[in-house]
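Only one structure is covered here, and it is reproduced in the block below.
The values are calculated or read from the model by the stated rules, or taken from the named source; none is laboratory data. The shown structure was predicted, so the numbers you read here are calculated from the model rather than taken from an experiment. Reconstructed Cβ throughout: ideal geometry from the backbone, glycine too, with neighbour counts over all protein chains shown.
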Amino acid sequence: MPHISVKMLEGRSEEQKKKLADALVKTLTEELHCSPHYVTCTVEDYTAEEWQGVFKKEISDKPQERVYKKAEYDPKDLL
């Protein structure tokens, strides 16, 4: 039932995304003591322009107590 969602700038290969998903699922199952049978993972690519809206919706507009790792950059610097 846990779901991992990765949103990032475009440019990584399918092999990199697959390795990332495998590593994240492995870590999640170890930390939460659950079976990978119940875990799903998505990876979504965005342009720097699209990322501005994603960053706002997924990071800056979220209650800060739900953002466990804060951004250390300004997304506008990606443009």
- request: Select from segment 26-79 the residues that are over 13 Å from the mean Cα position of the chain (by Cα), surrounded by 12 or more Cβ atoms within 10 Å (Cβ to Cβ) and charged (D, E, K, R) and list them in ascending order.
  value: Lys26, Glu50, Lys56
- prompt: So is Ala23 surrounded by 13 or more Cβ atoms within 10 Å (Cβ to Cβ) and small (Gly, Ala, Ser) or not?
  reply: no
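Every residue, every condition in (1) under 26 Å from Asp74 (Cα atoms); (2) in a strand (DSSP E or B); (3) in contact with an Asp or Glu (Cβ under 6 Å, 6 or more places away or on another chain); (4) not assigned by TED's automatic domain parsing to the domain that holds Ala71, yes or no:
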position	(1), (2), (3), (4)
Met1	no, no, no, yes
Ser5	yes, yes, no, yes
Met8	yes, yes, no, yes
Gln16	yes, no, no, yes
Ala23	no, no, no, yes
Thr27	no, no, no, yes
Glu30	no, no, no, yes
Thr42	yes, yes, no, yes
- request: Among residues belonging to segment 1-44 that are among the acidic types (Asp, Glu) and touching a strand residue (DSSP E or B) at 6+ places or on another chain (Cβ under 6 Å), point out the one that is farthest from Lys56 (Cα to Cα).
  value: Glu10
- prompt: If Phe55 passes every condition in (1) within 27 Å of Asp77 (Cβ to Cβ); (2) free of Cβ contacts under 8 Å to residues at least 12 places away in the same chain; (3) touching a Pro at 6+ places or on another chain (Cβ under 6 Å) but one, which one does it miss?
  reply: (2)
message: Residues to consider are Glu65, Glu72, Glu50; find the one that is closer than 21 Å to Leu9 by Cα, free of Cβ contacts under 8 Å to residues at least 60 places away in the same chain and assigned to a helix (DSSP H, G or I).
response: Glu50
